[in-house]
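Presented below is the structure to which this report refers.
The values are calculated or read from the model by the stated rules, or taken from the named source; none is laboratory data. As the structure is a prediction and not an experimental result, all values here were calculated from the model. Neighbour counts run over all protein chains shown; Cβ positions are idealised from the backbone, glycine included. For the accessible areas, the whole protein counts, side chains as well, though only heavy atoms, and no ligand, DNA or RNA atoms are used. Shrake-Rupley method; radii C 1.70, N 1.55, O 1.52, S 1.80 Å.
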Amino acid sequence: MKKAVIFSAFLVGLGFTTLMQAQPQPSARYVPARAPLRPNAYQELPLGAIKPQGWLREMLVRQKNGATGHLDELYPLVMNHRNGWLGGDGDQWERGPYWIDGLLPLAYLLDDKELIAKVKPWVEWALNSQQPDGYFGPSKDYGPEPGVQRDNSRDWWPKMVMLKILKQYYSATGDQRVIKLMTNYFRYQLKELPQKPLDHWTFWARYRGGDNLMVVYWLYNLTGDKFLLELGDLIHKQTFDYTNGFLATDLLSKPGSIHCVNLAQGLKEPLIYYQHHPENRYLEAVEKGLADIRKYNGMAHGLYGGDEALHGNNPTQGSELCTAVEMLFSLESMLEITGKVGFADHIEKIAFNALPTQISDDFMNRQYFQQANQVMATRMTRNFDVNHHGTDLCFGLLTGYPCCTSNMHQGWPKLTQNLWYTTPDKGLAVLLYAPSEVRATVSNGTAVSWKEETNYPFEESIKFTLTTPKPVAFPFHLRIPAWCKKASIKINGQVWQEVAGNQVVKISRAWQSGDVVDLELPMHVFKNTWYENSVSVERGPITYALKMGEEIKRVNNDKDPVEYGKLFYELRPTTPWNYGLIRTPDDKLEEAYTVEKTGLVSDFPWSPANAPVVIRAKAKRIPSWQLYNEMAGPMPYSVAYQLETGPEEEITLIPYGCTNLRISQFPVVK
C-alpha cells in the first residue's frame, strides 16, 4: 500500500570502523579460495564498506523507522524477550532469526548505534548458547500457544538462518567467537546428521540445505579445516536434489510440485556445491531451472506463480514476499560465484519491480502474495494453493502468514551489500546499479573509494568518481545489462569504448583521485510475451504497468486479530482496468509507446504519484473481461478473433514498483 508515512533520519557516514575495535577486521580485498574450492568470479566486501545514497538510502531509512527497526514493539508476541533465540519460552523457530537476518545488515549499513544495540542481544545469546557437544540455539520444546511456534526447537532449519546472521556479523566486526562457534557446531553436525538427517524434525531443512552449505564453505576458506569438506558433501547428499530435479524431471512444469520459497532458496544449491565440485552439470541445472521457471511459471515482475506451492503463470496467481527476498539472496550468491550477467539482470528485475510494490511506503505493512495483474486487494478467498482466510492480498503486518512479516527485511540491505564486489585481479566490480559509495582496498593495498551518482533504474546515466590517496593502477569492472543494445563508457569526458550488452567490461588503467567514469545505458521500449500470449511493456530493468485510481479502506479486524493483526488495508479500483494493448510490431514500438520523464527522481520514487517515468500507450477496453472473485477474470487470448472492444484510448503506464493495483500483462487486440 503506497500510502506513505514519510520519516526522515540522518545516516552516519560509513567507514571501516566498527563497534568492536579490538577485533581484527575482515579483509577488504579479494581473498583467494582455499583448494580444492574453486576461485569465485567475485567476492563480497565487508559489511559496512558500501554506503547507500539517494533513493536507496531513503529505502533503508524507511526500514529503520518502519517495521524493521521496530518489529519487537509491533510484533511482541514473537519478537519480545520470550523468544527462544533470547532464551525465552516463546517462539523457538524461524521468525526471530528471520528478522535479525535483515536487521543486522541494515544496522551496520547505516552504522546506526541504536539498531546495532537492538541486534546485539540476539547475537550474544546465540554465541553464548553453545553446548559442550557443539549444538547452539534453542533446545527445549513447549506446548502450543496461539500465534507462536514453540516446538521443533532443535530443527536444523532455523540454525541455518542464524548461521547467515553470524556470517554477516563477522563480516562487520571480525568477532572471532563466530569462527569458534561455527567450527564446533559444524563438528556437531558432522557427528549428528547421519542419525538425524536434515529432514529429521521438519522437511524445510532438506530443501534449504544450500544455506547451510554456503556457510560451511565460507568457513573452510577462513580456517582450512578439512572436516568441513566432508560435512559439505554430507549436507549436499541430504539436501533435495535440485540438479536432477531441474535437469531430468517435470518438477518445474508440474503445478504443486514444490513450495515456492523452497524453490527460491534451493535454486542456488547446485552452484554452492559447484565451488567444491566444479562440474558443468551444476551450471546447466541452474540455467535450465531458471529457463523452465520462466517458461511454465514466470511473470512480468521477475518472479513466478507460487501461492504457496508452484502454481503456473496465470498473472492472477500469487507470488509470496518471502519468494522475492529469497530469490534475490540466491541470485546474489550465484552472481558472486559465477559473475554471470544474467543473474545480475534478474536481481534488478525483482528488486526494481516485485520488491517495492509488496511493502508499504512506510515499511509498516506488506502483502503475503502479490499478483502481476492485481485489480483488487481485499479479504476474499481466491484461487491460491493456500488461503489464510482470504487475507493474503491485504496490506497488513500479519495478513497472510507472518513468515513474511519476519523475513521481508533482508531484501534492500542485501541488495546494497551486493552492489559492489572485490575481484581476483585486485580491482573492484560494480555489478548492480544504485546510488552508493564504496570503500575498499585495491592493487597492493591502496584504500580507494568510488562514489556512484545515478537515478538508475529510471534514468540511463551513471557517474563514478574516484578518490584515492595516490595514483594507483587497478581494474574496474562494469556490468552491461543484456537489455542494453549499446552502452557508452567515458573516462574524464572522453569516449573510452562503446560496447554491446550482456557482458562485464574491464577498464584496466592507472587512476588518479578525481577521475570520472560515465556509463550510459540507453534504454529502449521492448515487450515480452507471457500467459495466453499476453504482453508486458518494458524499458531497461523495469516493467511498466497500468496506472490505476484506487480507494484505500482501513479494516479494523475483530474477527481474528491474533492470526492476521488488529487492522489491515484493502484496495479497490476507481478507474477502468480491463484494457488490451493495440497490436504493434516490434520495429514500431518506439513510435507507439511515448516515454515521458518528469525530470525529477524523488528520494522515494516508488509510488504512483512519484513515478519518475511514464509511458503513454494506445489501448482498447474489453467489455467481456470483468472481475471474477474480486480479481481480474480469465485472461482473453491474444489475439482473439472477433473480440469485442471499445474505442481506442490513451492509457498511462508507470513503473511496476510504483503501483499498488495494476495490469502488467495485457491482452493484445487488433
* **Estimated distance in nm for a label pair at Glu498 and Leu222, the labels positioned 7 Å out from Cα along Cα-to-Cβ** => 4.8
* Once amide H atoms are built 1.01 Å from N in the peptide plane, which residues 5 or more positions from Asn365, or in another chain, come under 5 Å H to H? -> Ser360
* Whole Å is fine, so just give me how far the alpha carbon centre of segment 508-557 lies from that of segment 202-219. => 33
* Asked: Roughly how many Å² of Arg439 are accessible to a 1.4 Å probe, to the nearest 10?
  -> 90
* Structure fact -> segment 177-284 accessible area per residue, 1.4 Å probe, protein heavy atoms, integer Å², reads 38
* **Computed label-point distance, nm, for sites Lys451 and Ser508 using a 7 Å Cα→Cβ extension** => 3.0
* Structure fact -> Expressed as a whole-number percentage, the relative contact order of segment 83-232 with C-alpha contacts under 8 angstrom and at least six residues apart is 23
* Table column - 3J(HN,Hα) (Hz), segment 306-318, Karplus curve with 6.51, -1.76, 1.60, x for Gly and Pro -> x, 9, 9, 6, 3, 9, x, 10, 5, x, 9, 6, x
* Structure fact -> Asp560 and Gln131 label points (each 7 Å along its Cα→Cβ direction) are spaced in nm at 3.6
* **For segment 48-112, accessible area per residue (1.4 Å probe, heavy atoms of protein chains only), Å²** => 20
* To do: Keeping the other protein chains in place, figure out the carbon and sulfur percent of the accessible area of segment 413-557, with a 1.4 Å probe.
  => 43
* Asked: Per residue, what accessible area does segment 561-670 have, given a 1.4 Å probe and all protein chains present, in Å²?
  -> 47
* Asked: Relative contact order of segment 287-336: what whole-number percent is it, with Cα pairs under 8 angstrom and at least 6 residues apart?
  -> 23
* Which whole-angstrom value gives the distance between the alpha carbon centres of segment 248-272 and segment 584-629? -> 33
* Structure fact -> DSSP beta bridges in the chain: the antiparallel percent, rounded to 5, is 95
* To do: Could you pull out every whole DSSP H run in the chain that spans at least 15 Å of Cα extent along its own axis and averages -1.0 or higher on the Kyte-Doolittle scale?
  => 54-65, 95-109, 113-128, 156-173, 177-192, 209-223, 227-238, 280-297, 321-338
* Relative contact order for the chain, counting Cα pairs under 8 Å that sit 6 or more residues apart, in percent -> 14
* Structure fact -> Sorted by accessible surface (1.4 Å probe, heavy atoms of the protein chains only), largest first, Arg208, Arg294, Arg572 come out as Arg294, Arg572, Arg208
* Structure fact -> Ignoring ligands and nucleic acids, Thr652 exposes an accessible area, probe 1.4 Å, in Å² to the nearest 10, of 30
* How big is the accessible area of Asp101 in square angstrom, nearest 10, if you roll a 1.4 angstrom probe over the protein chains? -> 0
* **Unit charges at the beta carbon, dipole of the chain: most positive-side option, Ala640, Pro46, Thr598** => Pro46
* **Which label in [x] 0.93; [y] 0.99; [z] 1.21 gives the computed Cα Rg over 2.2 N^0.38 Å** => [x]
* Sorted by accessible area (1.4 Å probe), largest first, how do Tyr564, Tyr401 line up? -> Tyr401, Tyr564
* Asked: If you stretched the chain out fully between Glu284 and Leu600, how much longer would it get, using 0.36 nm times the residue separation minus the C-alpha to C-alpha distance?
  -> 109.5 nm
